[in-house]
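First up is the structure itself, then whatever we jot down about it.
The values are calculated or read from the model by the stated rules, or taken from the named source; none is laboratory data. Note that this is a predicted model, so its numbers are computed, not measured. Cβ: placed from backbone, ideal geometry, glycine included. Neighbour counts: every protein chain shown.
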Amino acid sequence: MPIGEVSGSDDLSGGLRSLSIPGVLTRACPIGPASPVVVDSPHSGSLYPNDLVCSVPRMSLRRAEDMYVEELFANAPKFGAIFIQAHFPRSYIDPNRALDDLDPALLSSDWPDPVKIGEKAQLGHGLIWRFCPPDLLMYRDPLPSSQVHRRINKYWRPYHDCLRTSIEYIHQRFGEVWHLNCHSMPSSRRPGVLHRGGCAQADFVLGDRDGTSCGQEFRVIVADTLQSLGYSVAINDPYKGVELVRAYSNPAAARHSLQIEINRSLYMNERTLQKISYFEALKADLDKLIAAIADFATTRLVAAAE
Ligand SMILES: [Zn+2]
């Protein structure tokens, strides 16, 4: 599939451009002055590749998407941020997992690369899923290693390359980068239990891997802004952040990554997958959040320059 650059506003002089890789990802550049902010939505993709042959009904796969998250954050470029979204589904290959977080038992042949089965792969939700939530077996037969390599090279690597180069570019240009990694979560902590009185989630969960993926001030500005808008916010519980906030962050070197999980019941019916009427109000509030992050980040740059 060709890699094509799409037209559009590109305020980032010096090389980084808006990008579209059909079926894989889109990167939108800032409209107007750039701020040192990168926003990404890795799990909202819904273009299912033809070679995904699995035993799970499509509706169950769709329930596993972070549905509509790319739409909720789509205005990020209006506030000077780069915005990246995946188009492929996480149930095909998960960009929020390390390459070695792979269960070799899924494969029909030897895997030549190192594996380090982490907590997610043990649960069946590693790089390639064994189970679709809550516990549906994804594949009746083991997958050929060649197919997994293909998924890595065609989807996982381009996504990571795009995010990494965007973060590096912003860091090089501004000396700091603030990366917001956007997700959504089921309204119940009990897998597969929706609206049945399962342990309720907060409206938002922020994850900085227990304070290791960003400076505390980033988490504070996001939490304070959301709370001032009337939302409840939990920190690192039950979601701490995974590979995409780990891989390119280094707070000591002014590279900050923070995961944000939105409670799906705020904006959609989790059974029918339809948006609910609050969707637009939530999107307007998330515009305020991105504006607050951009203002925070830009103010720091101005203060540092004085
Ligand atoms: Zn997610």
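Here are the numbers for the structure shown:
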| item | result |
| --- | --- |
| Qualifying residue in region 157-173 (condition: more than 17 Å from Glu243 (Cα to Cα), modelled with pLDDT of 95 or more, within 16 Å of the ligand (Cβ to nearest atom) and not basic (Lys, Arg)) | no |
| Positions within region 248-263 being in contact with a strand residue (DSSP E or B) (Cβ under 8 Å, 6 or more places away or on another chain) and closer than 25 Å to Gly118 by Cβ, in sequence order | Tyr248, Ser249, Arg255, His256, Ser257, Leu258, Gln259, Ile260, Glu261, Ile262 |
| Residue match in region 186-196 (condition: at pLDDT below 95, in a loop (DSSP other than H, G, I, E, B), of a type in the set (A, V, I, L, M) and crowded, with 17+ Cβ neighbours inside 10 Å) | no |
| Residue under evaluation Ala304, criteria (1) out of contact with any strand residue (DSSP E or B) (no Cβ under 9 Å at 6 or more places or on another chain); (2) more than 16 Å from the ligand (Cβ to nearest atom); (3) on the phi > 0 side of the Ramachandran plot; (4) of a type in the set (A, V, I, L, M, F, W, C), criterion not met | (3) |
| Unique residue being within 21 Å of the chain's Cα centre (by Cα), under 24 Å from Tyr278 (Cβ atoms) and surrounded by fewer than 22 Cβ atoms within 10 Å (Cβ to Cβ) when the list is Ala98, Ala74 | Ala74 |
| Those strands (runs of 3 or more DSSP E) lying entirely in region 13-98 with at least 1 residues within 24 Å of Tyr267 (Cβ to Cβ), touching a helix residue (DSSP H, G or I) at 6+ places or on another chain (Cβ under 6 Å) and within 16 Å of the ligand (Cβ to nearest atom) | 25-28, 37-41, 82-86 |
| Criterion violated by Gly80 - all others in (1) in contact with a Lys or Arg (Cβ under 6 Å, 6 or more places away or on another chain); (2) at positive phi satisfied | (1) |
| Flag if Leu127 is within 16 Å of the ligand (Cβ to nearest atom) and in a helix (DSSP H, G or I) | no |
| Exclusive hit being among the β-branched types (Val, Ile, Thr), within 16 Å of the ligand (Cβ to nearest atom) and either under 16 Å from Met185 (Cα atoms) or at pLDDT 95 or above (or both), set Val242, Val233 | Val242 |
| Residue within region 107-123 that is surrounded by 20 or more Cβ atoms within 10 Å (Cβ to Cβ), farther than 18 Å from Arg246 by Cα and away from the ligand (no atom under 14 Å from the Cβ) present | no |
| Which listed residue, of Ala253, Ala297, Ala247, Ala291, is in contact with a Phe, Trp or Tyr (Cβ under 9 Å, 6 or more places away or on another chain), among the small types (Gly, Ala, Ser) and surrounded by fewer than 22 Cβ atoms within 10 Å (Cβ to Cβ) | Ala291 |
| Candidates Arg151, Arg164, Arg140 - the one that is of a type outside the set (Asp, Glu), surrounded by fewer than 18 Cβ atoms within 10 Å (Cβ to Cβ) and part of a helix (DSSP H, G or I) | Arg164 |
